[in-house]
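**Student:** The structure that follows is given in the form of structure tokens.
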Amino acid sequence: YFTTKDARNGQELWITRDHGLELFEFQTVGVNDIRARSGYGFYYHNTHGMMTRKFLPSSDDNYSEKLPLIRLGEMYLIVAEATGDVSYLNRLRNVRGISRVNNLSEVNVENLQEEYAKEFFAEGQLFYFYKRHALTDFYRCPASLSGTMSETQYVLPLPEDELEFGWVDPDSVENGELN
């Protein structure tokens, strides 16, 4: 965890205000989206931009060592993606502050990608969405990979200790990855 004072020294924790407002569609449909609100989802700073509050320590010790296995918002996204029923996607958006006037008419990869990016900002779940859909370009994709992400780049190499200490069968490994 970082304090806001510590975080001011590390630019990697911040996104520019322009990028944040674009991601959360703040200039259009997301003006009331609570996921992007200062004091709720993000900490705003005049110089540095926006930092997710997920990096900041909790003032409530009751939740300091708890980690949700799945959240309700995640379940809505899963059902929308699995069934193609746009009502689940719109319900999530409406609860997060996006007006019903701006409801989506269909479930597609672009709509899902936008909502996954908002709901799972700075979390690993977004990686699995990108991998599942084999996306080659996405928000903040490293410039060296932008437009060229491939299946092999979605496979993380096994830690050397896994191989060195025999926790993984060496015959099932090729180039540091499980077959």
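**Student:** Starting from the Cα of N102, step 7 Å toward the Cβ, then list every residue of segment 21-41 with an amide N under 13 Å from that point.
**Tutor:** Under 13 Å, as judged by backbone N against the label point of N102, lie 21-37 of segment 21-41.
**Student:** On a full-extension model of 0.36 nm per residue, what is the gain between T148 and Y44, subtracting their alpha-carbon distance, rounded to one decimal in nm? If you can, show how the numbers build up before the last one.
**Tutor:** Values: separation 104, 0.36 × 104 = 37.44 nm, distance 3.26 nm.
In short, 34.2 nm is gained.
Values quoted throughout were computed directly from the atomic coordinates according to the rules given, and no laboratory measurement underlies them. Given the structure is predicted, the values throughout are model-derived calculations rather than measurements. Quick reminder, even Gly has a Cβ in these numbers, built from the backbone with ideal geometry, and neighbours come from all protein chains shown.
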